[in-house]
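K.L.:
I'd like to ask some things about the structure below.
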Amino acid sequence: MYFGADYYPEHWPRERWEADAQMMQAAHINVVRLAEFAWSKLEPTEGHYDFAWLDEAIDILNQHGIQVIIGTPTATPPKWLIDKYPDILPVDADGHVRGFGSRCHYCATNKNYHWHSDLIVGQLAKHYGHHPGVIGWQTDNEFGCHSTTRCYCDSCRKAFRQWLQQKYGTLEALNEAWGTVFWSQTYETWDQVIIPRKTVASHNPSLLLDFYRFSSDMKVEFQARQLRILRQHSTNQFITHNLMGLFPEIDYYDLAKDLDFVSWDNYPRYSGAPDSTRLALSHDLMRGIRKQNFWVMEEQSGPSGWEIVHSTPRPGEIRLWTYQAVSRGADGIVYFRWRTCRFGTEEYWHGIIDHDGRPRRRYREIQETGKELAELWPFLDGTEVKNDVAILYSYDQLWSLQIQPNNPSLQYTEIVKEYYKRLHELNIGVDLVNHTDEFTDYKILIAPLLYLMTPELALRLTKFVESGGILVTTFRSGVKNWDNVVTDKTLPGELSELIGVEIEEYDSIYGETPIGISMELQGYKVEGTASTWCDVIIPGTADTLAKYTTEYYAGQTAITQNSLGKGKAIYVGTRLDANLTARLMDHVLTLAGVARGPLAETGIEVSIRGKAGMRLLFLLNHSGKKQTVDLTQHYVDPLTDVPITGRLELPAYGVEVLREV
Ligand code: GLA
Ligand code: ZN
């Protein structure tokens with residue numbers, strides 16, 4: 001197993017490197033990522049490269065059995081480069097230049113930047129592309145971090161026009177697709193087309209959605225330049241990028257398409273107790289992006305902080321987060337950072353060891369974890385996470401709903417998470433999938449807020465249901481076409497036949513008073529509340545599962561279930577409270593014949609990794625209190641084969657790994 005730290009030898013005297021490498025080795029560290037911000041050390045002046053210091057650092061690490069991942073340093077263009085080409089700097093929506101002095105200060109479409117990024121990446125690739133101690137590369141660092149996905153500079157304006165020209169072919173097609181006749185926005189020449197800088201009021205939603213897509217594509221293309229160069233000059237080295245979990249600005253399915261695997265940066269604890277559901281969802285998305293195991297390239301190893309210091313990881317928490325990542329598919333864990341830096345913006349973003357360089361509690365915990373994982377690796381190696389339930393997570397849906405939330409409290413990822421939460425409580429594994437994926441491998445597909453719809457997607461969803469799948473979708477589905485224009489069909493538009501209903505009218509819910517709901521599932525009744533949005537439904541072929549009990553639409557249908565072929569399509573016309581969501585999900589699981597996971601509803605998170613003939617269960621206590629659970633199956637300790645049955649006690653933040661027998 002790859003177990004490591006993010007290391008910045010350039011922040012420490014040369015004489016310290018040996019001691020660092022020794023301490024790393026003693027902590028079972030076998031990989032470090034380095035150099036991702038070191039451009040000014042690697043190319044101190046234009047065209048003068050100095051890799052000697054990095055060679056030496058890598059040598060020392062390699063001598064201690066530690067392999068290296070090099071980050072291309074393009075998130076921090078040096079001062080000489082910015083001074084020579086100030087147009088590299090990104091521009092915000094107000095038209096103001098975002099200046100030098102922090103990081104990510106570059107525009108991804110700038111030609112001067114392309115040229116210089118190609119040069120530094122090329123030099124590094126030639127120098128290290130065959131180095132036996134360098135196992136892989138990280139492109140840039142956290143693309144889009146600090147709201148840098150969308151740039152509004154002149155270069156981007158030009159690139160946006162080209163992107164649109166490619167997409168639409170003719171201006172007539174663009175005018176038609178966007179509905180520019182509204183408010184006299186019709187364009188007559190391509191160079192009239194605007195980039196959505198600040199205006200008096202809101203922009204055209206179709207233009208905005210295309211701009212979000214374009215901006216994401218520009219990061220993907222910028223990365224593609226690096227991928228081409230790195231692949232050209234390297235052998236047997238992987239390429240990854242450190243994604244940011246639920247970061248909403250880049251379509252991660254696109255960004256990761258040509259990587260060897262996904263990695264991501266996981267910082268669970270800021271000011272308060274971490275949200276284990278959100279963490280699990282993030283891991284599942286990171287696995288879902290390429291349907292493949294992943295790495296954590298930055299795992300929190302101390303209190304985080306720049307100007308403010310956040311709370312310190314509790315004893316056991318770093319180990320717990322590590323196991324949570326592993327349990328959901330991580331094959332590599334790299335802690336951020338090795339040693340807490342004494343200077344610069346991140347002085348208080350603590351690493352494994354403190355400013356004074358001495359190992360303490362957090363070092364010992366990581367050392368212990370590294371030892372355990374090394375022992376476990378022969379069992380873990382080659383295992384995967386396999387699930388019957390999928391949740392559709394689409395950046396196009398996310399963006400279109402960011403542009404028009406419809407209701408102030410509607411947030412795409414939050415609503416996805418509400419459905420995910422019940423599955424998480426029940427320890428039922430979930431895969432996150434894209435709208436372009438095949439759904440037929442799954443028994444259940446939860447697809448909230450299918451705001452944008454195409455006939456093709458509607459057909460694929462229909463086929464999924466006809467062949468026996470259970471689909472759950474919600475209000476604000478089938479509302480718009482892929483150009484972000486409202487359908488002229490009766491809602492739910494393209495989905496009408498599949499869902500078997502008509503939406504008669506809807507009510508966007510404001511204020512504190514929630515709407516009453518009464519749900520009847522398999523003969524038992526449950527009352528609760530709804531908020532955010534209420535579709536008033538006329539069931540056609542569908543059966544009613546729930547009705548509103550308040551407001552002028554009391555007695556009218558809120559949730560339906562339609563049978564089609566061998567499967568069923570459930571439509572939830574409103575946002576349910578947690579209890580109703582849970583009851584509805586229980587019903588869905590029963591319909592699909594998906595069993596509750598091990599230790600469901602005990603508060604202990606369980607995730608399973610398996611391969612032919614073997615399944616490993618990871619039991620995780622995310623709470624600061626010890627918890628006792630009763631095992632209903634027989635398990636053994638994977639390392640010793642000692643049977644583990646019956647009552648099991650997990651200390652605060654405790655972890656158990658069991659093998660099924
Ligand atoms: C991100 C970055 C790191 C570092 C940490 C802490 O994850 O990738 O370089 O800045 O945050 O702020
Ligand atoms: Zn730009």
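K.L.:
Restrict the check to the range 69-92 and report whether at least one residue is in contact with a Leu (Cβ under 8 Å, 6 or more places away or on another chain) and assigned to a helix (DSSP H, G or I).
P.N.:
Among the residues of the range 69-92, at least one is in contact with a Leu (Cβ under 8 Å, 6 or more places away or on another chain) and assigned to a helix (DSSP H, G or I), which makes the answer yes.
K.L.:
Do we find that Leu174 is more than 23 Å from Tyr395 (Cα to Cα), assigned by TED's automatic domain parsing to the domain that holds Gly71 and either outside any helix (DSSP H, G or I) or at pLDDT 95 or above (or both) in this structure?
P.N.:
No; evaluated as a whole, the condition is false for this residue.
K.L.:
Out of Phe238, Phe261, Phe222, Phe247, I need the residue that is within 16 Å of ligand 2 (Cβ to nearest atom), among the hydrophobic types (A, V, I, L, M, F, W, C) and in the same structural domain as His130 (by TED's automatic domain parsing). Which one?
P.N.:
Phe222
K.L.:
Then there's this: Pull up the range 77-116, narrow it to residues that are in contact (Cβ under 8 Å) with a residue 60 or more places away in the chain and within 16 Å of ligand 1 (Cβ to nearest atom), then point me to the one that is farthest from the chain's Cα centre (by Cα).
P.N.:
Checking each candidate, the answer is Ser102.
K.L.:
Looking only at the range 63-102, how many residues end up being away from ligand 2 (no atom under 16 Å from the Cβ) and either open to solvent by 40 Å² or more (accessible area, probe 1.4 Å) or farther than 30 Å from Ala27 by Cβ (or both)?
P.N.:
So the count comes out to 10.
One line per residue, one yes/no per condition, for (1) under 24 Å from the mean Cα position of the chain (by Cα); (2) at pLDDT 95 or above; (3) among the acidic types (Asp, Glu):
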| position | (1), (2), (3) |
| --- | --- |
| His587 | no, yes, no |
| Ile608 | yes, yes, no |
| Gly613 | no, no, no |
| Leu617 | yes, yes, no |
| Lys625 | no, yes, no |
| Val642 | no, yes, no |
| Val657 | no, yes, no |
| Glu660 | no, yes, yes |
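K.L.:
I've got another one for you. Among the residues of the range 156-177, are any open to solvent by less than 10 Å² (accessible area, probe 1.4 Å), closer than 29 Å to Trp306 by Cβ and either in contact with a strand residue (DSSP E or B) (Cβ under 7 Å, 6 or more places away or on another chain) or of a type outside the set (Asp, Glu) (or both)?
P.N.:
Checking the range 156-177: at least one residue is open to solvent by less than 10 Å² (accessible area, probe 1.4 Å), closer than 29 Å to Trp306 by Cβ and either in contact with a strand residue (DSSP E or B) (Cβ under 7 Å, 6 or more places away or on another chain) or of a type outside the set (Asp, Glu) (or both).
K.L.:
Can you find, within the range 596-627, the residue that is most open to solvent (accessible area, probe 1.4 Å) among those that are assigned to a loop (DSSP other than H, G, I, E, B) and without any contact (Cβ under 8 Å) to a residue 40 or more places away in the chain?
P.N.:
The extreme case among them is Lys625.
K.L.:
Okay, moving on. Working only within the range 545-561, note down all residues that are touching a Phe, Trp or Tyr at 6+ places or on another chain (Cβ under 6 Å) and open to solvent by 20 Å² or more (accessible area, probe 1.4 Å).
P.N.:
Ala554, Gln556
K.L.:
Of all residues being open to solvent by less than 10 Å² (accessible area, probe 1.4 Å) and among the β-branched types (Val, Ile, Thr) in the range 3-46, which is farthest from ligand 1 (Cβ to nearest atom)? Just the residue, please.
P.N.:
Result: Ile29.
K.L.:
Could you list, in sequence order, the residues of the range 106-121 that are open to solvent by 10 Å² or more (accessible area, probe 1.4 Å) and of a type outside the set (A, V, I, L, M)?
P.N.:
Within the range 106-121, Lys111, Asn112, His114, Trp115, Asp118 qualify.
K.L.:
Hey, another quick one. Every residue in the range 111-151 that is hydrophobic (A, V, I, L, M, F, W, C) and more than 21 Å from Asp251 (Cβ to Cβ), please.
P.N.:
Selection gives Trp115, Leu119, Ile120, Val121, Leu124, Ala125, Val134, Ile135, Trp137.
K.L.:
Of all residues in the range 457-489, how many are assigned to a loop (DSSP other than H, G, I, E, B) and in contact (Cβ under 8 Å) with a residue 60 or more places away in the chain?
P.N.:
The number of residues fulfilling the criteria is 10.
K.L.:
Also: Does at least one position in the range 133-155 carry a residue that is in a helix (DSSP H, G or I) and over 30 Å from Trp53 (Cα atoms)?
P.N.:
Within the range 133-155, one or more residues are in a helix (DSSP H, G or I) and over 30 Å from Trp53 (Cα atoms).
K.L.:
Criterion first (of a type outside the set (Gly, Ala, Ser) and under 22 Å from Val594 (Cα atoms)) does Glu466 satisfy it?
P.N.:
Answer is yes for this residue.
K.L.:
Restricting attention to the range 523-544, report how many residues are open to solvent by less than 60 Å² (accessible area, probe 1.4 Å) and more than 17 Å from Glu502 (Cβ to Cβ).
P.N.:
Summing the residues that are open to solvent by less than 60 Å² (accessible area, probe 1.4 Å) and more than 17 Å from Glu502 (Cβ to Cβ) in the range 523-544 gives 6.
K.L.:
Taking Gly144 as the residue in question, decide whether it is open to solvent by less than 10 Å² (accessible area, probe 1.4 Å) and either modelled with pLDDT of 95 or more or more than 13 Å from ligand 2 (Cβ to nearest atom) (or both).
P.N.:
Yes: the conditions hold for Gly144.
K.L.:
Is at least one residue of the range 457-468 surrounded by fewer than 19 Cβ atoms within 10 Å (Cβ to Cβ) and either out of contact with any Gly (no Cβ under 9 Å at 6 or more places or on another chain) or hydrophobic (A, V, I, L, M, F, W, C) (or both)?
P.N.:
yes
K.L.:
Next question. Tell me whether the range 452-461 contains one or more residues that are in contact with a helix residue (DSSP H, G or I) (Cβ under 8 Å, 6 or more places away or on another chain) and within 30 Å of Glu512 (Cα to Cα).
P.N.:
Yes, the range 452-461 contains at least one residue that is in contact with a helix residue (DSSP H, G or I) (Cβ under 8 Å, 6 or more places away or on another chain) and within 30 Å of Glu512 (Cα to Cα).
K.L.:
Would the range 634-645 turn up any residue that is open to solvent by less than 50 Å² (accessible area, probe 1.4 Å) and closer than 21 Å to His424 by Cβ?
P.N.:
No, that holds for no residue.
K.L.:
Turning to a different aspect of this structure: Would you mind stating whether Asp275 is under 19 Å from Gly429 (Cα atoms) and surrounded by fewer than 22 Cβ atoms within 10 Å (Cβ to Cβ)?
P.N.:
For Asp275, the condition - under 19 Å from Gly429 (Cα atoms) and surrounded by fewer than 22 Cβ atoms within 10 Å (Cβ to Cβ) - is met.
K.L.:
Condition first: assigned by TED's automatic domain parsing to the domain that holds Leu259 and within 16 Å of ligand 2 (Cβ to nearest atom). Can you find one or more residues in the range 123-141 that meet it?
P.N.:
yes
K.L.:
Every residue in the range 140-181 that is within 16 Å of ligand 1 (Cβ to nearest atom) and of a type in the set (D, E, K, R), please.
P.N.:
Asp140, Glu142
K.L.:
Let me ask something else. Inside the range 47-62, can you point out the residues that are small (Gly, Ala, Ser) and either within 16 Å of ligand 1 (Cβ to nearest atom) or open to solvent by less than 20 Å² (accessible area, probe 1.4 Å) (or both)?
P.N.:
If the condition is that a residue be small (Gly, Ala, Ser) and either within 16 Å of ligand 1 (Cβ to nearest atom) or open to solvent by less than 20 Å² (accessible area, probe 1.4 Å) (or both), then Ala57 is the only one that fits.
The values are calculated or read from the model by the stated rules, or taken from the named source; none is laboratory data. Quick caveat, the model's predicted, so the values are computed rather than measured. A quick note on method: Cβ atoms are made from the backbone with ideal geometry, for glycine too, and the neighbour counts reach across all protein chains shown. These accessible areas exclude ligands, DNA and RNA; they are computed on the full protein's heavy atoms, side chains included. Shrake-Rupley method; radii C 1.70, N 1.55, O 1.52, S 1.80 Å.
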